[in-house]
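**Q** My questions will all concern the structure given below.
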Amino acid sequence: MSKMTLGVNIDHVAVLREARRVNDPDILQALYIACENGADQITIHLREDRRHIQDSDVKNIMAHSKVPVNLECAIDKEIITIVSEVAPHRATLVPEKREEVTTEGGLDVFRYEEELRFVIEQLHDSFVPVSLFVDPTIEAMDKAKELGAEMVELHTGLFANLWAMLHSNLPYSNHSVKELELPRYELQERLESAKEALQSAATHAKSIGLEVAAGHGLNYQNVHEMMKIEEITELNIGQSIIARSVFTGLAEAVQEMKKLTTRDA
Ligand code: PXP
């Protein structure tokens, strides 16, 4: 069994802090607690709109993290210059729209092929390995390889939405996913297809020499499905861990997720 790396995304701690624009909760405290309780990696997203993580957070986290830092960023000139200077352990390139609540959909590696080629080269010049956050298709895996990325992070958003529409109270809430308000048998079929797409993309990616991560919408209920995909060796999880920490504290929330994402040797 391959080892699983748990990347804990602490952006939401900064979301809470920015809601009041005071240094509370302290992101460095979140970093320490996550690292002490099972995070193998810290993931943060420096957005163009600086909605949560600030430039100073990136520098402080780089200076204090005892585990590797995975810095998510868009293919934006200013941001890439900062990322190249900071030189995190890895950069994950993600799509970014100002109006979105969180990252929606994977990078369009075909539409932004030329920009990506340039940015990946720039990051490599600063010795920063690159992961591309992409939808789970064979074509995207091939393109990521061709563009020179070391890794792909498979977007699990569709899988997670289907899971939640089938197995949680989401359809009865204000946040029901409108386009997935479908009969249960159809949701089940689509969920199976989403899992198959993730498995096939992971198998193909590994076969062409890419490392494979996955993330978005993973939680304590659905993560076991990702654990079955042997080729996936890293999960980046934010919302569900920080949400649980409101009730249990961050230490316990990370420990619980670590238990669920540990593979037997
Ligand atoms: N991976 C990537 C590339 C992301 O953009 C995000 C969301 O910021 C995550 C993982 C974590 O997603 P979630 O907060 O839904 O667990």
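**Q** Tell me yes or no: at least one residue of region 59-75 is part of a helix (DSSP H, G or I), closer than 21 Å to Phe133 by Cα and not polar (S, T, N, Q).
**A** no
**Q** Which one of Ala87, Ala160 is within 17 Å of the chain's Cα centre (by Cα) and either modelled with pLDDT under 95 or within 21 Å of Glu234 (Cβ to Cβ) (or both)? Steps first, please.
**A** Values: Ala87 fails: within 17 Å of the chain's Cα centre (by Cα).
On inspection, the qualifying residue turns out to be Ala160.
**Q** Continuing with this model, one more query. Has region 195-217 got any residue that is of a type in the set (A, V, I, L, M) and free of Cβ contacts under 8 Å to residues at least 60 places away in the same chain?
**A** Kept after step one, since they are of a type in the set (A, V, I, L, M), are these residues of region 195-217: 197-198, 201-202, 205, 208, 210, 212-214.
Now restrict to residues that are free of Cβ contacts under 8 Å to residues at least 60 places away in the same chain: none.
Scanning region 195-217, I find no residue that is of a type in the set (A, V, I, L, M) and free of Cβ contacts under 8 Å to residues at least 60 places away in the same chain, so the answer is no.
**Q** While we're here: Could you tell me which numbered condition Arg17 fails, if it satisfies all but one of (1) of a type outside the set (Gly, Ala, Ser); (2) over 20 Å from the mean Cα position of the chain (by Cα); (3) surrounded by fewer than 18 Cβ atoms within 10 Å (Cβ to Cβ)?
**A** All conditions pass for Arg17, except number (3).
**Q** Read through the list (1) of a type in the set (A, V, I, L, M); (2) out of contact with any Pro (no Cβ under 6 Å at 6 or more places or on another chain); (3) within 21 Å of Ala194 (Cβ to Cβ), then give the number of the only condition that Ala87 fails.
**A** Evaluating Ala87 over (1) of a type in the set (A, V, I, L, M); (2) out of contact with any Pro (no Cβ under 6 Å at 6 or more places or on another chain); (3) within 21 Å of Ala194 (Cβ to Cβ) leaves (3) as the failure.
**Q** Out of region 209-265, which residues are surrounded by 19 or more Cβ atoms within 10 Å (Cβ to Cβ), among the charged types (D, E, K, R) and within 13 Å of the ligand (Cβ to nearest atom)?
**A** Matches in region 209-265: Glu234 only.
**Q** Now, a different point. Can you tell me how many residues in region 118-166 are outside any helix (DSSP H, G or I) and buried (at least 16 other Cβ atoms within 10 Å of the Cβ)?
**A** Of the residues in region 118-166, 18 are outside any helix (DSSP H, G or I) and buried (at least 16 other Cβ atoms within 10 Å of the Cβ).
**Q** Can you tell me which residues in region 230-248 are without any contact (Cβ under 8 Å) to a residue 12 or more places away in the chain and not hydrophobic (A, V, I, L, M, F, W, C)?
**A** Ser245, Thr248
**Q** Could you please give the count of residues in region 17-32 that are in a helix (DSSP H, G or I) and without any contact (Cβ under 8 Å) to a residue 60 or more places away in the chain?
**A** Of all residues in region 17-32, those in a helix (DSSP H, G or I) come to 17-20, 27-32.
From what is left, the residues that are without any contact (Cβ under 8 Å) to a residue 60 or more places away in the chain are 17-20, 27-29, 31-32.
Within region 17-32, residues that are in a helix (DSSP H, G or I) and without any contact (Cβ under 8 Å) to a residue 60 or more places away in the chain number 9.
**Q** Filter region 1-16 for residues that are charged (D, E, K, R) and either touching a Gly at 6+ places or on another chain (Cβ under 8 Å) or part of a strand (DSSP E or B) (or both) and give the result.
**A** Matches in region 1-16: Asp11 only.
The values are calculated or read from the model by the stated rules, or taken from the named source; none is laboratory data. Remember, predicted model here, so these are calculated numbers, not experimental data. Neighbour counts run over all protein chains shown; Cβ positions are idealised from the backbone, glycine included.
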